[in-house]
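Values quoted throughout were computed directly from the atomic coordinates according to the rules given, and no laboratory measurement underlies them. Remember, predicted model here, so these are calculated numbers, not experimental data. Glycine gets a Cβ as well: all are built from the backbone with ideal geometry, and neighbour counts include every protein chain shown.
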Amino acid sequence: NHVFNSVAFSQMLRVANRNSKEETRQSDIQQLKSDLHRSGHDMAKLDNLEGKVMEKLWTSTSTTQEETSPPETTMVFPVQYFSELPKLKAVLRDIESDIEVLLGPTKIVVASKKGRSIGNNVLRNSAICRVPTDDSSDWVQRCNAPRCLTCKHMCKAGDVFIVNDQCLKVPAKFDCKTRNCIYIAQCKLCSQIREADYQVIFEDTYFGQTMQKFHQRVNGHRSCFKFEERNKSALSIHAYEHHGASFSIENYKFAILKECNPRSLNREEFRFIERYRTNCLGLNRCKVER
């Protein structure tokens, strides 16, 4: 846990040191905190680490200035960021000489923390305003973004994949924008044949993982559905070898199965592959070019 927190602390400190402007520093730190939170960090601990980072930054700045100028007192005023804050800082700079007369060598530091952005408070897409549960019968794993090419491939919560005679139910609450997830892809053409004849065995299922937004990962598979790129994805290899006349990603359906910590992706992907045996009877046994 100490190492886990140390990584977050060092990343915050790096972001703070590379920004000379208070506004951009705070914006970048908030973005980093959001990314770390999605990766499994506790937000309360991240807030605490942010305070330590700012304290270290102020101490470092004060120490550097003490090497080249007489000792001075640092007065830190933590405030919530507001639009007129730059004007307040300008006023404080204008009266530095008066402050020095009254208090001696004194540095006034206004430590601002930005509040939530409007993007964090407003849900832009009505599709994600619903609060689904795992048994939501009407939830479809779609982001419903106007130009999303992945939405049409996504399955509905409660749909069932048949993988090597085992059933796998599609959960709710995920969509095309989900990151750090385990997903399943299955060839619809093979599924239709299997539904007509359960004695037929098809290698039609693939389990994968991604740290990207899911629609970006699907776009990566889509880019391999070209003759010269066909060996770079298990999905395109299967489509080319078994459905040459219908060599298209349109033949696949997708679903997100689980969201997890980035460090757990390899382990969780392996569990699905082993449980449903797609490394023996499935597309996970395909050798792709890197």
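Between Glu250 and Lys177, with labels modelled 7 Å along Cα→Cβ, what's the label distance in nm to one decimal, could you check?
Output for this residue pair reads 2.8 nm.
Give me, ordered by chain and number, the residues 5 or more places off Lys258 or on other chains with an amide H under 5 Å from its own placed amide H.
HN-HN under 5 Å from Lys258: Ile182.
Obtain the nm distance between the two label points defined at Arg267 and Lys226 by a simple spin-label model: each point lies 7 Å from its Cα along the Cα-to-C-beta direction.
3.9 nm
Roughly how many Å is it from the Cα centre of the stretch 72-98 to that of the stretch 174-195, as a whole number?
The distance from the Cα centre of the stretch 72-98 to that of the stretch 174-195 comes to 55 Å.
Of the listed pairs Lys188/Lys213; Lys169/Lys232; Lys226/Lys287; Lys21/Lys52; Lys33/Lys152; Lys232/Lys253, which have alpha-carbon separations greater than 25 Å here?
Pairs exceeding the cut-off: Lys169/Lys232; Lys33/Lys152.
Note the full-extension length gain between Ser6 and Lys152 as 0.36 nm times their separation in residues minus their Cα-Cα distance, in nm to one decimal.
Between Ser6 and Lys152, full extension yields an extra 48.4 nm.
What distance in nm lies between label points placed 7 Å from Cα along the C-beta direction at Tyr81 and Glu241?
Computed distance between label sites Tyr81 and Glu241 equals 5.2 nm.
What whole number of Å gives the distance from the Cα centroid of the stretch 19-49 to the Cα centroid of the stretch 218-253?
What the calculation gives is 39 Å, centre to centre.
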